[in-house]
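Any read-out appearing in this document is the output of simple, stated calculations on the displayed coordinates, not a laboratory observation. Note that the coordinates shown come from a computational prediction; the quantities given were computed from them, not determined experimentally. Cβ sites come from the backbone with ideal geometry, for glycine too, and all protein chains shown count toward neighbours.
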Amino acid sequence: MADPVAALLDPRSVAVVGASTNPLKRGYQAIRTLLSDGFPGSIYPVNPRETEVLGLPAYPSVTSIDGSVDLALIVTPASAVAGLLRECGRKGVGAAVVIAVGFGETGEDGAALEAEIRGVAAGEGIGLIGPNTNGVFNLPARLNLVGASDVPQGRLALLCQSGNMALSLFTEVAHETSLGFSTYVGIGNEAGLRYHELLDYLRDDPDTGAVLTYAEGFRDGRALLRSAANLAGHKPIVCYKAGRSEAAQRSALSHTGAVAGSHAVAEAVLRQAGIVVVERSDELVPVAETLLQQPALPSPRVGVLTDGGGHGTVAADALAAHGLELPALTASTRERLAEVLPDAASTRNPVDVAGATDRDPRVFEPCLEALLDDPSIDGMLCVGLLGGYGIRFSDELAEAEEQAAARMAEMAANAGKPLVVQSAYAPAHPPAHDLLRGSGVPVHGSIETAARCVAALEERGRFRATAEMRSGFAHRSRGERTDRADRAGGERRALTEPEGRALLEAHGLPVGPWTLATDPDVAADAVTALGGPAALKIVSPDVVHKSDAGGVLLDVGNAEDAAAGFERVVGAVTAAQPDASVDGVLVTPMAPRGVELIVGVTTDPSFGPLLAVGAGGTAVEVLRDTAFRAVPVTPTECDEMLAELAVAPLLDGHRGAAPVDRAALRALLTGVSRLVAAEPGIAELDLNPVIAHPDGLAVVDVRVVVDTRIGLATPGRRVESIAMNPEHAGR
């Protein structure tokens with residue numbers, strides 16, 4: 001079987017290496033489960049000390065098996081794994097699952113052992129899962145190498161880096177939903193097959209409708225983004241990314257050997273790829289259930305139907321926290337509601353039935369029908385006691401509740417609009433809830449969880465509507481960049497600001513007029529040419545903090561002041577740092593007033609080059625108001641980045657101020673993205689501040705760090721010489 005993922009998840013034969021006659025051993029339990037589940041392929045126990053296991057002939061080695069082997073389950077100690085993988089390679093085994101611990105999660109020695117088995121698997125062409133995994137299953141194929149019993153079959157696939165988390169999710173799905181699983185892969189240390197290879201398989205798997213993932217780190221984040229974006233156009237993906245805190249990052253490293261990285265970065269780029277990222281692990285299943293069973297929301301406009309004012313208020317707050325809207329209802333909708341509700345009811349959104357359903361829960365039906373018919377409502381959240389009237393008031397109401405539940409699910413389906421229900425009686429599992437769940441309507445006990453599910457529907461709708469306007473993540477992977485860098489050897493070097501500006505100019509980025517003045521006369525001519533106040537900044541590869549060294553002078557208004565200012569700046573710096581090499585003084589116009597932003601590029605160890613934009617200036621590290629995306633970015637993604645910022649209202653004009661030129665800002669962001677794609681040697685880039693104003697923008701300061709192992713690809717001339725070109729003198 002040529003495809004290693006197919007060999008892993010849909011094998012025609014399985015060898016259990018380390019098979020045992022001891023019922024307490026994994027090598028016995030795996031064979032017992034395969035037999036009891038009716039696995040249709042061949043099962044080969046491998047143990048040189050046994051002749052038979054559970055009625056099956058045992059083999060002394062993998063190579064002695066007389067049939068072909070697609071998948072090997074290796075349940076031996078860690079020290080034996082490398083040799084067994086070599087044996088699997090000689091046999092032509094397509095994939096292997098390594099259960100053992102004691103690898104990269106344990107320290108340097110374990111990491112060396114993991115590197116060895118990774119190299120063996122790669123060299124032998126074996127699709128490796130693990131080590132440090134609890135196994136895999138494909139329930140439609142009757143392949144269960146986890147041994148977990150009573151896992152319901154359904155359309156959820158789970159990729160998980162924690163065996164205990166997987167067991168928790170199996171239990172939750174079995175007891176709290178009407179769903180089940182198609183496929184499970186315990187990723188473990190991700191030493192062989194990667195997340196993206198599994199996602200590619202699941203995209204075309206007819207038994208999978210949605211993908212859940214618990215991740216502590218990604219070995220190849222860039223490839224993951226490409227595959228996730230491809231899959232998300234067809235099936236929803238929900239992810240809980242662990243490792244927010246330093247303690248959690250240390251735990252992830254010791255658990256799977258994974259580097260968790262920046263959570264803010266991971267969350268931003270995963271969302272960029274269409275993955276719905278949840279903040280709490282108990283949201284994973286509810287959100288996946290909702291996305292699998294309900295249509296996406298085409299807009300953030302939601303209606304709320306409640307049987308209690310408090311529940312309605314909490315729901316409104318929870319929805320608003322996710323950026324969802326509760327639009328005003330049309331007059332005709334309110335008239336229809338008033339016809340069936342008492343005078344005390346609220347016919348505004350949220351709609352409060354004010355006790356009308358206490359006597360007859362079927363009153364929910366005309367209310368929901370009116371709301372679904374309202375053109376301003378694209379989805380519904382029902383909160384309160386639905387399902388509990390027969391428990392709370394009278395058994396006689398239970399039948400009416402069940403009728404209402406069935407009819408509500410039918411109306412929402414016919415309207416093509418999503419419906420999510422929250423009920424205080426969800427833990428009691430009343431029959432009305434079974435009817436709702438059986439019809440694909442999720443029911444939750446928490447208002448906040450229900451609101452998060454509605455928000456996920458809006459996220460998915462927005463992604464699908466704009467999928468053609470989003471990044472394809474077509475950029476060289478970290479592995480390709482690193483290989484090139486490692487071959488070349490070298491280190492990082494910070495360009496001087498004129499070099500950085502020249503590099504940006506060479507790629508068509510607007511940096512405004514500037515001059516590198518090498519003497520007072522050039523500085524004077526430059527200020528005269530600008531025709532307005534200018535800024536003078538020292539240019540030295542040895543001076544990092546220019547202001548602290550006296551290397552910055554502002555509001556220089558004429559030629560005489562410019563010449564004197566040149567001498568003053570150079571003199572201050574040479575006095576503060578006598579050994580500093582001085583290239584000259586940079587002359588730029590003073591920037592107009594506006595909104596200070598930072599535009600930057602950094603390189604994530606997993607996801608590669610990232611574009612950042614946020615609140616800029618000297619307080620950038622204090623404000624921490626930054627949005628990230630993996631490059632390249634599209635104009636749509638640029639707009640989303642700006643909308644995420646806390647300073648976004650300032651861009652639109654605050655307290656009567658004119659809005660900034662968003663087109664210019666968007667052009668700068670996409671231009672920087674293209675620059676990084678063209679120049680993979682850029683390790684860091686900071687434009688801070690960038691002053692955005694109604695008539696454009698001004699790039700005040702430029703800092704570029706180049707990885708000299710990769711270098712720059714600017715055609716025709718070195719950046720160092722671009723900055724010294726006479727065309728910049730006195731312009």
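Quick look at the numbers
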item: Residue-wise HN-Hα coupling along the stretch 19-25, computed from phi with Karplus coefficients 6.51, -1.76, 1.60 (Hz; x: Gly, Pro); result: 4, 9, 9, 8, x, 8, 8
item: Charged-residue dipole, Cβ positions (Lys, Arg, Asp, Glu), the stretch 615-676 about Cα centre, Debye nearest 20; result: 120
item: Contour minus Cα-Cα distance for residue 695 and residue 639 (0.36 nm per residue); result: 18.3 nm
item: Two-decimal Rg to Rh for the stretch 148-292 - Kirkwood Rh, Cα set; result: 0.93
item: At 1.306 mPa s and 10 °C, Stokes D of the stretch 1-143 from Kirkwood alpha-carbon radius, µm² per second; result: 106
item: Gain upon complete extension [residue 465, residue 348; 0.36 nm per residue less C-alpha separation]; result: 39.2 nm
item: Mean separation of Cα contacts under 8 Å (6+ apart) over length of the chain, as relative contact order %; result: 9
item: Rounded tilt (10° steps) of 309-321 against the dominant C-alpha axis of the chain; result: 50
item: Local electrostatic count at residue 53 - Lys and Arg +1, Asp and Glu -1, tallied over other residues with Cβ under 11 Å; result: +1
item: Debye, to nearest 20: dipole size of the stretch 519-582, +1 on Lys, Arg Cβ, -1 on Asp, Glu Cβ; result: 200
item: Kirkwood hydrodynamic radius of the chain, Cα pairs, Å; result: 29.3
item: Relative contact order of the stretch 148-292, pairs being alpha-carbon contacts under 8 Å that are 6 or more residues apart, as %; result: 24
item: Degrees, to the nearest 10: 447-465 long Cα axis against longest axis of the chain; result: 60
item: Using a Förster distance of 35 Å, the FRET efficiency for residue 61-residue 204 (Cβ separation, nearest 0.05); result: 0.50
item: Dimensionless Rg over Rh [the stretch 294-468; C-alpha; Kirkwood]; result: 0.94
item: Relative contact order [Cα under 8 Å, 6+ residues apart], the stretch 1-79, whole percent; result: 38
item: Residue 115 versus residue 434: modelled label distance in nm, points set 7 Å from Cα along the beta carbon direction; result: 5.8
item: Principal axis dimensions, the stretch 330-429 - Cα atoms, whole angstrom, descending; result: 36, 30, 19
item: Most positive-pole-ward Cα, 651, 702, 597, against dipole of the stretch 595-728 from beta carbon charges; result: 702
item: Degrees between helix 331-340 axis and first principal axis of the chain (Cα, 0 to 90, nearest 10); result: 30
item: Ranking of 244, 437 by count of other Cβ atoms within 10 Å, fewest first; result: 244, 437
item: Lysine pair number, Cα distance threshold 30 Å (strictly under), the chain, separation 8 or more or different chains; result: 4
item: Kirkwood Rh in Å, taken over all unlike Cα pairs in the stretch 110-184; result: 13.7
item: Long-range amide H partners of residue 56 with built H, under 5 Å; result: none
item: Dipole magnitude of the chain, debye to nearest 20 (Cβ charges: Lys/Arg +1, Asp/Glu -1, about Cα centre); result: 1460
item: Label-point gap, in nm, between residue 492 and residue 564 - each point 7 angstrom along Cα→Cβ; result: 4.1
item: Inverse mean reciprocal Cα-Cα distance (Kirkwood Rh) of the stretch 174-241, Å; result: 12.7
item: Farthest positive-ward along the stretch 85-208 dipole, Cα basis, beta-carbon charges - from 95, 196, 175; result: 95
item: Sites residue 505 and residue 593 - FRET efficiency at Förster radius 30 Å, r taken between beta-carbons, to 0.05; result: 0.75
item: Among 384, 457, 408 - extreme Cα towards positive end, dipole of the stretch 339-469, charges at beta-carbon; result: 457
item: Surface/4 estimate of mean projected area, convex hull on alpha-carbon atoms of the stretch 595-728, nm²; result: 9.3
